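Single-structure report; data block below.
Derivation of every value follows stated rules applied to the coordinates shown; laboratory data play no part. The structure displayed is predicted, hence computed values, not measured ones. Cβ coordinates were reconstructed from backbone atoms using ideal geometry, including for glycine residues, and neighbour counts include every protein chain displayed.
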Amino acid sequence: MSYRRTFKLLCGVAGGSAAVVIAAVTADSHGFFGEQRGDVASRWSRFTVLQAAQPAWTPANHTPTSTGQAWDFNWDKRDPSALTNGKKEKKETATEDPTSEQDNGKPKATRNILLIRHSQYNLSGVGDKERVLTSLGREQAELTGLRLAALGLKYDVLIHSSMTRATETAHIISKHLPGVELMSCDLLREGAPIEPVPPVTHWKPDAVQYHEDGARIEAAFRRYIHRADPKQKEDSYEIIVCHANVIRYFVCRALQFPPEGWLRMGLNNGSITWLTIRPSGRVALRTLGDSGFMPPDKLTRT
């Protein structure tokens, strides 16, 4: 049988199956199977076996199906079409535009939130005050500050967790961003947001800690992660320096992923996670734990 005819027959074999069979033809033509080139029946019996070994392909079993719920555009309770504000509806007159009030209440700006994980700190410190940044941690904060400055964005505010390691990281970063307001917030402190799925054996807070920390971190999410106020005219860029658990929980909540999956992500110290929130309520994750601006020997995840 000619190679041309063989190739035409192989065109009916799907995807990777064709590659496997072509390899078999080549090997067989050189006698690697230990049989004569003229043994056509034996050769095609091998083709049958190879085809049978490949998974059957149909469009139906390779088309992803939706397993989640539809996107909730009112996830932050700021969707103009869902807001009533408890006001009584005014009677429309012939000169009033019924859509003008709703249009005036629509957000027009995009919020960009850059979540920074604190730098490496002294793990052996007793209590928060002794858990200060290491010398490497201070280098990491400098690199993060340089990176944020190099992006050339007009930052509106730099908010940080009140814990020592986040506070120190934020102050080092702020040196590279002159004029940007610096604020501290207790809600952003590290904690256990929600029991992770699947569970882990090396870290098991009790139910009370999840109950208390979870409510606080959720409150932080509601305070900082939402679409722009209708009064905001220009796009904003806000920096939040906090902790890995808080950032991972924020990402899951903002993307409407199951929040129990937060511990499946890892973040390097000093890394940048960038969320964009559109006026429509759509959310995009532009970067997750970006630390490519640091030399490999400066990377840590403690």
>> Checking the conditions here, which among Leu267, Leu263, Leu275 is assigned to a loop (DSSP other than H, G, I, E, B), touching a residue at least 40 places away in the same chain (Cβ under 8 Å), hydrophobic (A, V, I, L, M, F, W, C) and closer than 27 Å to Gly137 by Cβ?
In response: Leu267
> Can Asp229 be described as of a type outside the set (A, V, I, L, M, F, W, C) and under 27 Å from Gly145 (Cα atoms)?
Replying inline: no
> Can you pull out the residues in region 118-156 that are closer than 19 Å to Ser174 by Cβ and polar (S, T, N, Q)?
Replying inline: Ser119, Gln120, Gln140, Thr144
> For region 158-204, how many residues meet the condition of being out of contact with any Cys (no Cβ under 9 Å at 6 or more places or on another chain) and assigned to a strand (DSSP E or B)?
Replying inline: 5
> When Gly289 is evaluated against the numbered criteria (1) of a type outside the set (Lys, Arg); (2) on the phi > 0 side of the Ramachandran plot; (3) without any contact (Cβ under 8 Å) to a residue 12 or more places away in the chain, which criterion, by number, is the only one it fails?
Replying inline: (3)
